[in-house]
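Notes follow once the structure below has been shown.
The values are calculated or read from the model by the stated rules, or taken from the named source; none is laboratory data. The model shown is predicted, which means the values in this text are computed figures rather than measured ones. Every residue, glycine among them, receives a Cβ derived from its backbone with ideal geometry; neighbour counts consider all protein chains shown.
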Amino acid sequence: MKVVIIGGVAGGASAAARLRRLDEQAQIVLLERGEYISFANCGLPYYIGGEIRDPSALTLQTPESFHARFHIDVRVNSEAVAIDPAAKTVQVRNAATGETYQETYDKLILSPGARPVVPPIEGLPNGRIFTLRTIPDTLEIKAYIQKRRPKTAVVIGGGYIGVEMAENLTKEGVSVTIVERIDHLIGPLDYDMACDVHRYLREQGIRVLLKEELKAVRKEGETLILTLTGGEIEADMAILSVGVTPDTDLAKKAGIAVNQRGCIVVNEQMQTSFKDIYAVGDAVQITDFVTEKKGYVPLAGPANRQGRIAADHICNRESAYHGTQGSSILKVFDMTVACTGLNEHTARTLGIPYEKVFTYSPSHAGYYPGGKNMSIKTLYAPRTGRILGAQIVGFDGVDKRCDVLATAIRSKLTAFDLTELELCYAPPFSSAKDPVNMVGFVIENTLAGLVKNFHWHDVASLPRDGSVTLLDVRTQAERAKGHIEGFVHIPLDELRDRLSEVPAGKPVFVHCHSGLRSYLACRILSGNGYDCYNLSGGYRLYESVTKDRAVEDYPCYERPIQPLGTVR
């Protein structure tokens, strides 16, 4: 059997290695149009920022090492330019000589990946505006920084790569502005969870401009001028990071079925519309594990699994890809941002029933030094309590909690299951009631009717006419630092003795800092006949969101940090 694989990196290289492990006799040819067959895409920003110092560390396999270990015919600088599914041939162009030749196959695996989106903007391309997708891109950016020593940079696009680049450029001493066209950074997050990220980035000296779009680019002498929706800013360089699109021109020309977005359509065995042609990685359409809708989620983990599944099926092993749930994680200086499954924006857009809770839990036991709280947003099915999605923003321990919740989603666990999870505990690592257990307890209490929640976006619409009671149960010191207008103040520990100050027969809306003490207040009030509602996520979340909204009216808002260039 002869298998030709077009493209390496995560999907293609994984498929090649799996094929060899399953079939020692197969003839395997791996075609890669660039110089690198397997490299760490996700590590590229960290080489630019100096966290990774040796560029060779980014190369996971060389053609020589891959051939030595797996006896695979690796051909770099070899671009597949045409596929003939009927004749089962691939036309290959040698980049060094320009010559072309025909390669036959019994099975073909496409792993062309994705390419950066470059919008049709006046002034592009420009030698000072870079994209980041490959090792050559990385080396070009690094060389520019070392040679030109830029003082200012603009990152267009606030997704994962954009935020990582902002961090690493800052570490190189560059003053950075992030420009994002929607109202928050990191698209898989909901706005309310991204607000902590916005604040933290500003604290690190990064300027964040939301609801802004790049309209044009020009040079004035040695200065790069970027025209945005709300004005113009100057910079020495820019990174264009507005997303990727599947690189499927080759597949389209061969008559392989693609969807409207250009993604290759595949079945659970990764077969395309031609049964002997498979496709994997960032070029393929996926099925969302939670919503069961078709979509596009270019991630390294799914690409690796898809490559393995394609190889399994070629070797007559039962294997199927059961969908992508979008588990992802991001380092932002010392902060960690992670998410998995469904977010609220998608749920609303698709009309999927859901409820949500916000919890604020320490990374480990409070009495053990060094613990920091993490903010967790969890979506669940209203009737069953099945976990649909989670987003976590914090510092230590975010990764393992999101991994547990990702496992819960994949296993279709409910909040009741979360309460029973026996997770590892010692004071340096967790609490006896782990943050994941706490998510389960809060949802369980809500479904059981022990507490009714309201949310930060409900606060503004609460009546201030005396028809309801608005109650703040924080300490006097907490309230002195900030409060919500219209909420009367009775500290939790005084509530039982001051119940006469809470009018009977009226609904009571309660908040504390995080939602825990206000839950206790609701139990006290409910036990005394009151109809009580708890602010999920507490004042901390409310203040984070409302303050973020108040300050992001670019270009009017001026932050007390060194500004980037000039707003004209």
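Observations
- Boolean, S78 is closer than 26 Å to A254 by Cα and either touching an Asp or Glu at 6+ places or on another chain (Cβ under 9 Å) or of a type outside the set (S, T, Y) (or both): yes
- Where a residue in the stretch 286-308 is not assigned by TED's automatic domain parsing to the domain that holds I161 and among the acidic types (D, E) and its partner, wherever it lies, is surrounded by 20 or more Cβ atoms within 10 Å (Cβ to Cβ) and in a strand (DSSP E or B), with Cβ under 7 Å and at least six apart: D288/T324
- Among the residues making up the stretch 87-146, a single one is buried (at least 18 other Cβ atoms within 10 Å of the Cβ), small (G, A, S) and at positive phi: G113.
- The stretch 387-427 - residue that is over 17 Å from the mean Cα position of the chain (by Cα) and of a type in the set (K, R) and, of those, nearest to P353 (Cα to Cα): K412
- The stretch 484-509: number of residues that are in contact (Cβ under 8 Å) with a residue 40 or more places away in the chain and within 20 Å of T359 (Cα to Cα): 2
- On the stretch given as the stretch 259-273, residues that are in contact with a strand residue (DSSP E or B) (Cβ under 8 Å, 6 or more places away or on another chain) and surrounded by fewer than 20 Cβ atoms within 10 Å (Cβ to Cβ) total 6.
- Among the residues of the stretch 262-282, the one identified as over 15 Å from I309 (Cβ atoms) and of a type in the set (A, V, I, L, M) is V265.
- Cβ pairs under 7 Å, 6+ apart, first in the stretch 457-469 and in contact (Cβ under 8 Å) with a residue 12 or more places away in the chain, second assigned to a loop (DSSP other than H, G, I, E, B) and of a type in the set (K, R): S467/K506; V468/K506; T469/K506
- Residue list for the stretch 456-482, filter: more than 20 Å from K506 (Cβ to Cβ) and touching a Lys or Arg at 6+ places or on another chain (Cβ under 8 Å): R474
Per-residue answers, yes or no, for (1) surrounded by 17 or more Cβ atoms within 10 Å (Cβ to Cβ); (2) more than 24 Å from P427 (Cα to Cα):
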{"position": "A338", "(1), (2)": "yes, no"}
{"position": "L342", "(1), (2)": "yes, yes"}
{"position": "T346", "(1), (2)": "yes, yes"}
{"position": "S363", "(1), (2)": "yes, no"}
{"position": "Y368", "(1), (2)": "no, no"}
{"position": "K372", "(1), (2)": "no, no"}
{"position": "G394", "(1), (2)": "yes, no"}
{"position": "C402", "(1), (2)": "yes, no"}
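- Helices (runs of 4 or more DSSP H) completely within the stretch 38-149 that count 1 or more residues being aliphatic (A, V, I, L, M), without any contact (Cβ under 8 Å) to a residue 24 or more places away in the chain and not assigned by TED's automatic domain parsing to the domain that holds A257: 135-148
- Tally, over the stretch 501-518, of residues that are of a type outside the set (G, A, S) and within 39 Å of the chain's Cα centre (by Cα): 9
- Qualifying residue in the stretch 266-281 (condition: more than 19 Å from V4 (Cα to Cα) and not in a helix (DSSP H, G or I)): yes
- Number of residues in the stretch 344-382 that are of a type in the set (D, E, K, R) and touching a residue at least 60 places away in the same chain (Cβ under 8 Å) equals 4.
- Those residues of the stretch 310-346 which are under 16 Å from L388 (Cβ atoms) and outside any strand (DSSP E or B), in sequence order: G323, Q325, G326, S327, L342, N343, E344, H345, T346
- Candidate set: the stretch 374-392, residues that are more than 21 Å from F333 (Cβ to Cβ) and among the hydroxyl-bearing types (S, T, Y); chosen: the one surrounded by the fewest Cβ atoms within 10 Å (Cβ to Cβ): T384
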